[in-house]
Amino acid sequence: MNIDHIRNATAVVEYAGKKFLFDPMLGEKGTMPPFGTGVGLPPAPREDQNNPLVSLPTSIDDIISNIDAVIVTHLHPDHWDEAAKEALPKEIKIFAQNDNDATEIRSAGFKNVDILKENTVFEGIQLIKTKGEHGRGEILQHAGQVCGVIFKHSKEKTLYFTGDTVWYEAVQETIDTHKPEIIVVNAGDNQFLVGGSLIMGKEDLYELYKAAPDAKIIAVHMEAVNHWGLSREELKSFINEKGISSNVSVPDDGESYSF
């Protein structure tokens with residue numbers, strides 16, 4: 001397999017001969033409002049900075065070239081934005097987490113939208129929807145439903161994208177059940193000024209490592225939107241202190257991995 005980390009949670013994954021686009025946020029730097037300014041949302045850090053905070057590392061045409069399917073774990077605009085809706089062919093296969101998300105994606109003109117389930121098979125590749133919790137406590141009312149995905153194929157290592165989730169028992173259960181050898185984890189500790197972490201931070205990532213000490217872990221969703229809470233530099237220092245840098249990678253935008 002090959003994993004191209006694009007930006008935030010966006011990735012291009014070549015797996016068992018097929019090419020997947022994961023959680024596409026394709027907008028130009030600064031073209032979306034900062035998070036935390038919406039009705040009912042608590043304030044967020046860097047409220048004066050428009051999203052995305054950084055540019056794409058390559059062109060949209062390069063990113064979407066020869067994509068076989070798109071996986072959208074949820075519809076927050078840092079995972080599915082207007083630029084993605086405009087750029088992607090309306091006939092492309094898209095997998096959504098539930099009926100509500102699928103309906104909204106179809107309303108944008110997409111004609112080939114399926115619901116991701118625990119037994120989805122696409123071109124011989126098993127795609128297993130996994131559970132996630134986008135925060136803890138009251139903030140979940142704002143964050144809404146999310147999912148992750150396990151990729152399985154007889155000729156590939158098992159791959160787990162955690163999606164936007166904190167560490168909790170369902171993530172442990174997913175690891176125990178499927179024993180992923182490669183894990184891509186959203187680990188930027190994104191949060192508003194109240195309500196706590198929306199996704200994993202460094203201590204959550206350490207729990208993930210302890211649950212899967214033989215896995216290769218790639219930490220993403222960092223420094224790309226205004227409510228990020230954990231920098232790459234701080235996470236790298238943490239994994240060095242813990243002695244797990246041989247297991248955990250913190251890619252720059254545009255960096256690739258092959259397994």
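The values are calculated or read from the model by the stated rules, or taken from the named source; none is laboratory data. Note that the coordinates shown come from a computational prediction; the quantities given were computed from them, not determined experimentally. Positions of Cβ are backbone-derived with ideal geometry, glycine not excepted, and every protein chain shown enters the neighbour counts. These area figures cover heavy atoms from the full protein model, side chains too; ligands, DNA and RNA do not enter into them. Shrake-Rupley method; radii C 1.70, N 1.55, O 1.52, S 1.80 Å.
If you go through the range 73-90 and keep only what is among the hydrophobic types (A, V, I, L, M, F, W, C), open to solvent by less than 10 Å² (accessible area, probe 1.4 Å) and outside any helix (DSSP H, G or I), you end up with just L88. Residues of the range 156-174 that are within 17 Å of L127 (Cβ to Cβ) and more than 17 Å from the chain's Cα centre (by Cα): E156, K157. Need the failing condition index for D101 against (1) farther than 13 Å from P24 by Cβ; (2) over 17 Å from the mean Cα position of the chain (by Cα), just the number. Condition (2) is where D101 drops out. Whether any residue in the range 99-122 is at pLDDT below 95, farther than 20 Å from R7 by Cα, loosely packed, with under 13 Cβ neighbours inside 10 Å and not aromatic (F, W, Y) is what I want to check. Looking for residues that are at pLDDT below 95, farther than 20 Å from R7 by Cα, loosely packed, with under 13 Cβ neighbours inside 10 Å and not aromatic (F, W, Y), one finds at least one in the range 99-122, hence yes. The residues in the range 31-73 that are among the small types (G, A, S) and under 26 Å from L127 (Cβ atoms) can be counted, and the count is 2. Applying a threshold of 7 Å to beta carbon distances and a minimum spacing of six or more residues, or different chains, the list of pairs starting in the range 190-210 at a residue that is open to solvent by 40 Å² or more (accessible area, probe 1.4 Å) and ending at one that is polar (S, T, N, Q) and in a loop (DSSP other than H, G, I, E, B) reads Y209/N247.
Go through H134, H153 for me and flag whichever is over 19 Å from the mean Cα position of the chain (by Cα) and in contact (Cβ under 8 Å) with a residue 40 or more places away in the chain.
None of the other options fit; the residue is H153.
Please count how many residues of the range 177-189 are over 13 Å from W228 (Cα atoms) and open to solvent by less than 20 Å² (accessible area, probe 1.4 Å). So the count comes out to 5. Within the range 124-140, identify whether any single residue is under 17 Å from F20 (Cα atoms) and among the basic types (K, R), and answer yes or no. Yes, that holds for at least one residue.
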